[in-house]
Ligand code: ADP
């Protein structure tokens, strides 16, 4: 029984899944984007609100300079300041009361001035809570303003953010005023600081922050994740279809293909690649099937023959001579059997890469010459003229045993399939990047329909006319030749005309050729 519900494993598997990761990536991206936008907007809101507060303070300052606050000197009070406004005008009264909420007026040394009427100190209680500016600071600001003084030009104010005892923020505008200035003299300077609480701004900002960060962002995140999940699901559906089809593909139905979506996108490319892979698999599977059929067929023939011969001997042979003959025939078939098995073993080792080449610099010319010499006797016996046209030296990097095997196979085929009176010609031609070996004969030739198959294992062209019975060969020789050429990174071509002759052209990379002197033996090709 499968446990009900979701186990830890299921959750872990889901989290490793592409859909989850895509969604998570999308959600994180969405959240970061939202945070960035929200933070940016918060900064924008803060600067807008701050600018608003600055404008308010500038307006208050203009009103103060416009005549709401005036400075006098008397023997008993020294310098003092008095507020002037129409008390019956509600606008003016509200304006002055607003200004007087957070303000400070001092002389140039930082001493708080008195009010000419109430005799109160010209500082509001809220300003006292923030803390009256240090006399040294005030003196420095005044000194700077005096130094920068120009008639009828307002001096640049100093802006400060200060906090009261509860931590509430205030924006303070500090300025120096010259009420008695003349075109020639700045007169006596006074220090006036006006403030406005930023609590309201902070409240708006906090409310905004709270709403956005606690409400909108998680909401956006949930929405983003939801959308991401759906989108990732839609993107991955075709992938699932591909996986589904792939699951149905097995050794018995390799002909199955995943239909392309005609979208010409990455997924179609994946499908195409996948289909090509299945195609290759199908081809090699087919080859393997064919191979095992061929092998069993090849082995069955001699085994049946051996069995037949021995059975006949068992039931009918009477004399020792008859027994000897049966055993002799059986041994011949066993020889053929072991020949097939040995060749197959070697070929399968070669094709599975177990047969490593022992490469060395060797004289290709010499190798061909040696084998041509060896084949002179069988060629003569078959009435075939065998000639070689080779350069003095021609070195390649190759495995001597395999190169010999290659030449042997080509020569034996050429002699085998050339009727009496024919000719076999071997030539070697070093070119710039490769060495070309040509083995041509004036034999029976190979029909065009058979040409593509002659390198297949066990493939034998059905015999005709004077050609020897095809059963004589194993049909493995050219498979070997093809493998040897491939293992040496060479190419093999075959040209043939039925009844006229065949030409095998092998090109091997010319490593180490270069400095060899090339001397060609030029002799016209003799054809039967
Ligand atoms: P086999 O052992 O039968 O020679 P190969 O693989 O060497 O097997 O050759 C495959 C088939 O190709 C041969 O059976 C023969 O029909 C054909 N063939 C090979 N070489 C020649 C040639 N020089 N002339 C005509 N036919 C050839």
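In a fully extended conformation the segment linking residue 129 and residue 311 would gain 52.9 nm over its present Cα-Cα distance, using 0.36 nm per residue.
Have a look at the DSSP beta bridges in the chain and tell me what percent are antiparallel, nearest 5. Write down the numbers at each step before the final one.
Working: 55 of 62 bridges.
Bridges in the chain are about 90 percent antiparallel.
Need one number: % antiparallel among DSSP beta bridges in the stretch 366-454, to the nearest 5. If I count the DSSP bridges inside the stretch 366-454, around 60 percent turn out antiparallel.
For the stretch 360-414, the Kirkwood estimate of the hydrodynamic radius, built from every pair of different alpha carbons, is 11.7 Å. Would you calculate the separation in nanometres between label points at residue 14 and residue 93, each defined as 7 Å from the Cα along the Cα-to-beta-carbon direction? Each label point lies 7 Å from its Cα, and together they span 7.0 nm. Calculated FRET efficiency, residue 41 and residue 244, Cβ-Cβ r, R0 41 Å, to nearest 0.05? The computed FRET efficiency comes out at 0.30. Straightening the chain between residue 276 and residue 200 buys 20.3 nm, computed as 0.36 nm per residue apart minus the Cα-Cα spacing.
Among 405-416, 191-202, 342-353, sorting by the average number of other beta carbon atoms lying within 10 angstrom of each residue, highest first, gives 405-416, 191-202, 342-353. Remark: spin-label model distance residue 82-residue 377 equals 14.8 nm, labels positioned 7 Å along the Cα→Cβ axis. The angle between the Cα long axis of helix 199-210 and the longest principal axis of the Cα atoms of the chain comes to about 20 degrees, rounded to the nearest 10.
Placing dummy labels 7 Å off each Cα toward the beta-carbon, the span from residue 370 to residue 342 is 1.9 nm. Two numbers describe the Cα atoms of the chain: Rg and Dmax, which are 52.9, 167 Å.
Read-outs: derived from the displayed coordinates by stated rules, not from any lab. None of these values were measured; they are calculated from a predicted model. With ideal geometry, Cβ positions are generated from the backbone for all residues, glycine too; neighbour counts draw on all protein chains shown.
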